[in-house]
Amino acid sequence: MADAMIDLRSDTVTRPTEAMRQAMARAEVGDDVYAEDPTVRALEERVAGLFGKDAALFTPTGSMANLLAVRSLVAPGQEVLCESSAHIARAELGAHGAFFGVTMRTWTHPHGGLDLAAVDALFAPELSPYFVATKAVSIENTHNFAGGRVLPLSDMQALRERADGWGIGVHLDGARLWNAHVASGVPLADYGRCVDVMAVCLSKGLGAPVGSLTVGSQDTIDEARVWRKRLGGGMRQVGVLAAAGLHALDHHVERLADDHAHARLLAEACGVDPATVDTNIVVVDVPDAAAVVATAREHGVLVSALGHRTVRLVTHLDVSREQAETAATVLAKALTD
Ligand SMILES: Cc1ncc(COP(=O)(O)O)c(C=O)c1O
């Protein structure tokens, strides 16, 4: 049924294109637990290079990439600071605490951004054995639940400076950093310079069926490789998936600008100021989210409820301009019904 629908629930719903499937079918493979899959190695080297880092590790999910990244900076009983609607705090089901004993405290920002004054107030130095010590600050760029907002490079640079002063780490959840890069024009390596370790996803706007990477120093990635295996994430002839990622990097980065334009078009139809839509996500406040989801569905458009009074629309590779226009008409009506 979803085939006939215009699916704006998430940018994770894309299907591999025909060209991507061909690249996957042609992939050279080997056993990646032995580090012998040439396509995975090529992907890891390429992504590390894009961000100016030593190394990268292919993971099945963005959640695992974040988990391995945060673990590299924060030991059991220590804390990471993050924004209160960060994916690591809200949507990874407590994995950082459940698996690695990491605790979190949060600041709140209307765009999911950085509030350096709040971070200053939250920061806890090592005062063992009385207090939990802050060992890292985590940021998310773009910010999913805040509506795909781009975190300015200047904020990331300011955080880097502060963290260096305190001698702690910076983690970036860059699941959609590609979108931030295309929207802002900031080179990927400039983002990489601001952080110790990051996670990036291939399976969101880039349209690969599976795959994320943890990116950082050689030591961090060597250790992450061990922990990935411990967590059951050691994959074998996974070059078929890495090939999808390489194809996406070649063909699906610059086109993200189309998704951003489609999102602004949807925003306008939904009464959201398009100037507040930085990338491919539109968050709309509504009186009754379930009713909007149901009405849109009846008219062939899938959107998701983020809460009782919020719906989220996400544009992606499988939504054409024409479909975005159709969805805009449907949603404008659903919002006034
Ligand atoms: C900002 C952000 N980080 C991490 C993830 C986790 O990715 P995955 O679903 O591959 O675990 C998501 C998923 O939507 C996300 O939006």
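No value in this document is a laboratory result; all are computed from the given coordinates. Model, not experiment: these values are computed from the prediction. Cβ: placed from backbone, ideal geometry, glycine included. Neighbour counts: every protein chain shown.
Across the chain, the relative contact order, built from alpha-carbon pairs under 8 Å that are at least six residues apart, equals 25 percent. Scoring 50-56, 154-160, 93-99 by mean Cβ neighbours within 10 Å over their residues and listing the highest first yields 50-56, 154-160, 93-99. Candidate cross-link partners of LYS333 among the lysines, defined by an alpha-carbon separation under 21 Å and a same-chain spacing of 8 or more, are absent.
Within the listed set GLY147, GLY271, GLY233, the Gaussian network model of the chain (springs between alpha-carbon atoms below 10 Å) gives the highest mean-square fluctuation for GLY271. Working ranking of peptides 205-212, 253-260 by packing, defined as the average number of other Cβ atoms within 10 Å per residue, highest first, is 205-212, 253-260. Residue exposure proxy: THR103, THR17, THR279, ordered by other Cβ atoms within 10 angstrom of their Cβ from fewest to most, comes out as THR103, THR17, THR279. Which ³J(HN,Hα) values in Hz, rounded to whole numbers, follow from the phi angles of the range 209-215 under the Karplus curve 6.51 cos²θ - 1.76 cosθ + 1.60, where θ = phi - 60° and Gly and Pro get x? Values, residue by residue: x, 8, x, 9, 9, 9, 10 Hz.
Ordering THR17, THR39, MET5 by Cα displacement along the dipole of the range 1-54 toward the positive end leaves MET5 in first place; charges were set at the Cβ atoms of Lys, Arg (+1) and Asp, Glu (-1). For VAL283, the shell of other residues with beta-carbons less than 11 Å away shows a net charge of +2, using +1 for Lys and Arg and -1 for Asp and Glu.
For the range 240-267 versus the range 42-89, the spacing of their alpha-carbon centroids is 21 Å. For a straight C-alpha distance cut-off of 29 angstrom, the lysines reachable from LYS229 (same-chain residues fewer than eight places away being disregarded) are LYS53, LYS135, LYS204.
Computed from label points 7 Å out along Cα-Cβ, the spacing between HIS299 and SER128 is 6.0 nm.
Amide hydrogen proximity for TRP107: with H placed 1.01 Å from N in the peptide plane, the residues at 5 or more positions away or on another chain lying under 5 Å are CYS82, GLU83, SER84. If you take every DSSP beta bridge whose two residues both sit in the range 43-154, what share of them, in percent to the nearest 5, is antiparallel? Just about 10 percent of them are antiparallel. Only Cα pairs under 8 Å and 6+ residues apart enter the sum, and on that basis the relative contact order of the range 1-61 stands at 15 percent. When Lys and Arg each count +1 and Asp and Glu each count -1, what net charge do the other residues less than 14 Å away from ASP258, Cβ to Cβ, add up to? With Lys, Arg at +1 and Asp, Glu at -1, the neighbours total -3. So what is the 222 nm mean residue ellipticity for the chain from helices alone, if each DSSP H run of at least 4 adds -39500 (n - 2.57) and you divide by all residues, rounding to the nearest 500 deg cm²/dmol? Value at 222 nm, helices only, nearest 500: -13000 deg cm²/dmol. Assuming charge only on the beta carbon of Lys and Arg (+1) and of Asp and Glu (-1), the dipole of the chain about its Cα centre is about 480 debye to the nearest 20.
This model, with +1 at the C-beta of Lys and Arg and -1 at the C-beta of Asp and Glu, gives the range 93-185 a dipole about its Cα centre of some 180 debye. Rounded to the nearest 5, the antiparallel percentage of DSSP beta bridges internal to the chain is 50%.
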